[in-house]
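Peer 1: Let me give you the structure first, and then I'll get to my questions.
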Amino acid sequence: KRQMDGALSRVPVHFYEHVWSILERTPGGIKLCGILLPQQPTLSDMTDYELNFSLKIEEMLSLIADPAYRCLVVEMFEAVNVLLNRNEELRFFRPLDVDYLISEAVKLFVQQTTSKNPYPDFYNLPITLVGGSTGYMIRVIINYLFNASAQPSDAPDPNLMVEEFLYAFKEMGFAYVINHQIPHSIITDVFAQHRRFHALPLEEKNKIRLNQWHRGYLPMASYQVKSESKSKGVLVEDTTAVVKAPNQSESFIVNHEHFEGPANLKEEELYNRYLQGPNQWPQGMPEFREAVLAYYHRLEKLALELTKVFFAASNADFNRFAPHFQRPSIGLRMLHYPPQPTPVPEGVFGSAPHCDHGFLTILAQDDVGGLDVKTPTGEWISAPNMVSSNGETALLINLGDSASKWTNDCLRATPHRVINRSGRDRYSIVFFWDPQLDFPIDTHDLGTQWCPADKTPNYEPQTYGQHLRKLLSHNYSELYKTIDGAQKPND
């Protein structure tokens, strides 16, 4: 069919209007067959219904010799148009390179199918979202939209990184990161140990059940999300109305191995700080601890680099804040989501809709899917695991509630959820990176980027520890009643 449609130069109804709409959201223009169609002066010289614009697009398509490939190009434009129409806040920073996107879709197809004849086999896929060419296209388009380094470019430009960071977190609140320098072997090893731990008998896992310092094993359906979800200060998810049951997941939780707190204090002065205590590790599994800590320490370095981008985006000197990240508050959570029944009961989630509490979150996930992100327009969209063209696993980052408040609601903490409809077990690893607990969250302390000096910020200054304790105590109040020594809201 693709050969026939391509040979006859068939295009869908309103195709040229769709390309026009894409060009309106692509300041860098559209690139195809080495030809760049610039946004300007094209948009000012023509209109979307003009024959000249249609002829211009056909002129670019005529450069394609293979009819089946021409059909793929048309399909790619249509897929891009659907995503942009459903998410009005999105746009492309660099030129939309259609040939690059198709090559990435084919590479992804090969990685998942081990095809020996990539393009012929891809041509023969059905035009469907599940198991078809459209599904592969959508995934690479999402990667291209939310991950600047996935787009073909020269050496990273720090100013462009800041610009794209601001765009991602003012608009969506989530972004993919590649070229993160974390070896594939470290990610593979930690996920292997992740699965090994959760395969243990329940009685073994319960030997290191969550303790008063929020470390250890958290059994299935142990707590129910209660905190409302606000994004840029606006309620976007009424938790009490939406969530009807505890989270259908189990976790192993590790927090910072160091003594969290000011670098000028001695360790004995840090013993009694909130959430300060020993990690728990399963007995007889030294490889588990080694793999988890190897991943943990790599994520520390990545999180610190991303923190520097945050301060650059805030026009603030990172060196002034660096001491607060020398002994940061860190949490690493290894989540296992069993398959949920079909149909999924209303109000039952693997992870109920929520915004993260802290500063920065870095997520690694398997290929099962199930993570959804709520767009500013109120639509839930999938945020699947992404693999770059060189086989590197992309990591997903988002800002938490404290970062949003710190920027006076200018940057977005975005609600997200997990519903595991796959019929398979889902595994993910969440890395929470936060400043030390007595760090003051004060918008004016960041300068005037987020709030003019003569204006009053949306939030009174408070320490990160005060912010965290309030939210944890609210969500885990019933669970804390079962843990000896667990600290209550006013402890």
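The values are calculated or read from the model by the stated rules, or taken from the named source; none is laboratory data. Everything quoted here is computed from the prediction, not taken from an experiment. Neighbour counts are summed over all protein chains in view; Cβ atoms, including those assigned to glycine, are modelled from backbone coordinates with ideal geometry. Note: areas computed on protein heavy atoms with side chains; ligands, DNA, RNA excluded. Shrake-Rupley method; radii C 1.70, N 1.55, O 1.52, S 1.80 Å.
Peer 1: Given the condition of a type in the set (A, V, I, L, M, F, W, C) and within 25 Å of Y167 (Cα to Cα), answer yes or no: does some residue in region 108-115 qualify?
Peer 2: Just the residues of region 108-115 that are of a type in the set (A, V, I, L, M, F, W, C), to begin with: 108-110.
Of the ones still in play, those that are also within 25 Å of Y167 (Cα to Cα) are none.
The answer is no, given that none of the residues of region 108-115 is of a type in the set (A, V, I, L, M, F, W, C) and within 25 Å of Y167 (Cα to Cα).
Peer 1: Among all residue pairs at least 6 apart or on different chains, which show Cβ distances below 6 Å where the first residue, located in region 203-219, is on the phi < 0 side of the Ramachandran plot and the second is assigned to a helix (DSSP H, G or I) and of a type in the set (K, R)?
Peer 2: Final answer for the pair search is Y217/K205.
Peer 1: Moving on to the next point. Can you pull out every residue in region 303-344 that is aliphatic (A, V, I, L, M) and within 20 Å of the chain's Cα centre (by Cα)? Before you say what the answer is, go through the steps one by one.
Peer 2: At the first step, the residues of region 303-344 found to be aliphatic (A, V, I, L, M) are 303-304, 306, 309, 312-313, 316, 322, 330, 332, 334-335, 344.
Across region 303-344, the qualifying residues are A303, L304, L306, V309, A313, I330, L332, M334, L335.
Peer 1: Any residue in region 313-338 that is free of Cβ contacts under 8 Å to residues at least 60 places away in the same chain and more than 14 Å from L299 (Cα to Cα) sitting within a Cβ distance under 7 Å of a residue that is open to solvent by 20 Å² or more (accessible area, probe 1.4 Å) and of a type outside the set (V, I, T)? List the pairs, counting only those 6 or more apart or interchain.
Peer 2: Here the result reads F318/K308, each pair linking region 313-338 to a residue that is open to solvent by 20 Å² or more (accessible area, probe 1.4 Å) and of a type outside the set (V, I, T).
Residue by residue, here is whether (1) under 28 Å from Y295 (Cα atoms); (2) buried (at least 22 other Cβ atoms within 10 Å of the Cβ) holds:
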| position | (1), (2) |
| --- | --- |
| M334 | yes, yes |
| P341 | no, no |
| G350 | yes, yes |
| C355 | yes, yes |
| I362 | yes, no |
| D367 | yes, no |
| D372 | yes, no |
| W380 | no, no |
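Peer 1: Check N315 against each of (1) farther than 25 Å from T448 by Cα; (2) not in a strand (DSSP E or B) and name the one condition it does not meet.
Peer 2: Of (1) farther than 25 Å from T448 by Cα; (2) not in a strand (DSSP E or B), only one is false for N315: (1).
Peer 1: Residue check, L275 against (1) among the hydrophobic types (A, V, I, L, M, F, W, C); (2) open to solvent by 10 Å² or more (accessible area, probe 1.4 Å); (3) at negative phi; (4) in contact with a Phe, Trp or Tyr (Cβ under 8 Å, 6 or more places away or on another chain), all met but one. Which one?
Peer 2: The one condition L275 does not meet is (3).
Peer 1: Check region 82-93 and report whether any residue there is more than 26 Å from the chain's Cα centre (by Cα), part of a loop (DSSP other than H, G, I, E, B) and not assigned by the TED database to the domain that holds V373.
Peer 2: No, every residue in region 82-93 fails to be more than 26 Å from the chain's Cα centre (by Cα), part of a loop (DSSP other than H, G, I, E, B) and not assigned by the TED database to the domain that holds V373.
Peer 1: On the given criteria, is I57 of a type in the set (A, V, I, L, M, F, W, C), farther than 25 Å from M172 by Cβ and buried (at least 19 other Cβ atoms within 10 Å of the Cβ)? Write out each step before concluding.
Peer 2: On the way: of a type in the set (A, V, I, L, M, F, W, C): yes; farther than 25 Å from M172 by Cβ: yes; buried (at least 19 other Cβ atoms within 10 Å of the Cβ): yes.
Criteria met by I57.
Peer 1: Any residue that is at pLDDT 85 or above, assigned by the TED database to the domain that holds W406, surrounded by fewer than 20 Cβ atoms within 10 Å (Cβ to Cβ) and within 20 Å of the chain's Cα centre (by Cα) - is there at least one of those in region 188-204?
Peer 2: Yes: region 188-204 contains one or more residues that are at pLDDT 85 or above, assigned by the TED database to the domain that holds W406, surrounded by fewer than 20 Cβ atoms within 10 Å (Cβ to Cβ) and within 20 Å of the chain's Cα centre (by Cα).
Peer 1: Between residues in region 151-177 that are surrounded by 19 or more Cβ atoms within 10 Å (Cβ to Cβ) and part of a loop (DSSP other than H, G, I, E, B) and residues that are at pLDDT below 80 and charged (D, E, K, R), which pairs lie under 8 Å by C-beta distance while being six or more apart or on different chains?
Peer 2: The qualifying pairs are Q151/R94; M172/E89.
Peer 1: OK, next. Residue by residue through region 112-135, note down the ones that are outside any loop (DSSP other than H, G, I, E, B) and either more than 26 Å from M172 (Cβ to Cβ) or modelled with pLDDT under 85 (or both).
Peer 2: Listed by number, the residues that qualify are T113, P118, Y119, P120, D121, F122, Y123.
Peer 1: I've got another one for you. Being touching a Gly at 6+ places or on another chain (Cβ under 7 Å) and of a type in the set (A, V, I, L, M) is the filter; apply it to region 361-417 and report the residue that is farthest from R195 (Cα to Cα). Walk me through how you get there before you give the answer.
Peer 2: As a first pass, look at region 361-417 and keep what is touching a Gly at 6+ places or on another chain (Cβ under 7 Å): 361, 370, 382, 384, 398-400, 402, 409, 412-414.
Those still in the list that are of a type in the set (A, V, I, L, M) too: 399, 413.
Numbers: L399: 27, A413: 29 Å.
Taking the candidates together, the pick is A413.
Peer 1: Here's a follow-up. Can you tell me which of G347, G378, G370, G284 is at pLDDT 90 or above, under 30 Å from L84 (Cβ atoms) and assigned by the TED database to the domain that holds R424?
Peer 2: G370
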